[in-house]
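Undergrad: Can you keep this structure in mind? I'll have questions shortly.
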Amino acid sequence: MLPGFPGLQRIENRIVPETVREAGAAWILEISPMASPSPALDLPRLRCLVNADGIGWPVQAHFDALPFADESLPAVLVRHLHQSAFSTPLYEEIRRCLIPGGLLISVSASPWHPATWRVLGFRAARLPGPVRLQTLHLRMGLKPMQVGFESLSQLIPLASRLVLVASRKPPRPGSVHRLRFQRQPPRGAAAAINSWCRAA
């Protein structure tokens, strides 16, 4: 979490668990900065903490090489990691690792809230708003299911301290097999009897 935003923890504790619960994920991977307190979630989670070079704990890995197998993660929570230098490689890796139908939640401090500007100054303008976060999800081929501020009914950007976007990876389409009809019955099988039906 960005320094100087103690109020964001309380907000995240309210809206992140609600979003995860609605998605029905069994467990979640959380990717967040080293000095970031984690939101309260009532399901198992694995935390990967990030520094400027990539993931620094519990393993060391670059943003473009997450240590997870293809389609192995049911849900991923990305918190306050949206600098343009690494957000695209990280999101491409997240898409690779998500199972079909898997959930991705992105959380960021609002770039418009006065508290953000007090802490970051002009650097606050680099933070993503909901449209930018949603565009990042769409570029990864994800289907947005929830876009909003700290309260979904509160649509006043300047009053919201937190932006949240939740998306799903599209499910894998079912396979369709072409039916093959035999022209002649197999040997030893009784031939079909032609029948006629006339409507009364």
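The values are calculated or read from the model by the stated rules, or taken from the named source; none is laboratory data. Note that the structure is predicted; figures quoted are calculated from it, not measured. Quick reminder, even Gly has a Cβ in these numbers, built from the backbone with ideal geometry, and neighbours come from all protein chains shown.
Undergrad: Exactly one condition in (1) surrounded by 12 or more Cβ atoms within 10 Å (Cβ to Cβ); (2) over 14 Å from the mean Cα position of the chain (by Cα); (3) over 30 Å from Thr116 (Cβ atoms); (4) among the β-branched types (Val, Ile, Thr) is not met by Ile55; state its number.
TA: Every condition holds for Ile55 apart from (3).
Undergrad: Regarding Leu103, is this residue within 15 Å of the chain's Cα centre (by Cα), closer than 20 Å to Gln9 by Cα and not hydroxyl-bearing (Ser, Thr, Tyr)?
TA: Here the answer is no, as Leu103 does not meet what is asked.
Undergrad: Within segment 111-122, work out how many residues are surrounded by 13 or more Cβ atoms within 10 Å (Cβ to Cβ) and out of contact with any Leu (no Cβ under 6 Å at 6 or more places or on another chain).
TA: 6
Undergrad: Could you list, ordered by first residue, the pairs with Cβ atoms under 7 Å in which the first is in segment 159-178 and within 25 Å of Pro111 (Cβ to Cβ) and at pLDDT 80 or above and the second is assigned to a loop (DSSP other than H, G, I, E, B) and among the charged types (D, E, K, R), at least 6 apart or interchain?
TA: Cβ pairs passing all conditions: Leu162/Glu150.
Undergrad: May I pose another question? Kindly indicate which of Leu46, Leu41 is farther than 19 Å from Ser87 by Cβ, at pLDDT 90 or above and either under 19 Å from the mean Cα position of the chain (by Cα) or not in a loop (DSSP other than H, G, I, E, B) (or both).
TA: Values: Leu41 fails: at pLDDT 90 or above.
Testing whether each residue is farther than 19 Å from Ser87 by Cβ, at pLDDT 90 or above and either under 19 Å from the mean Cα position of the chain (by Cα) or not in a loop (DSSP other than H, G, I, E, B) (or both) leaves just Leu46.
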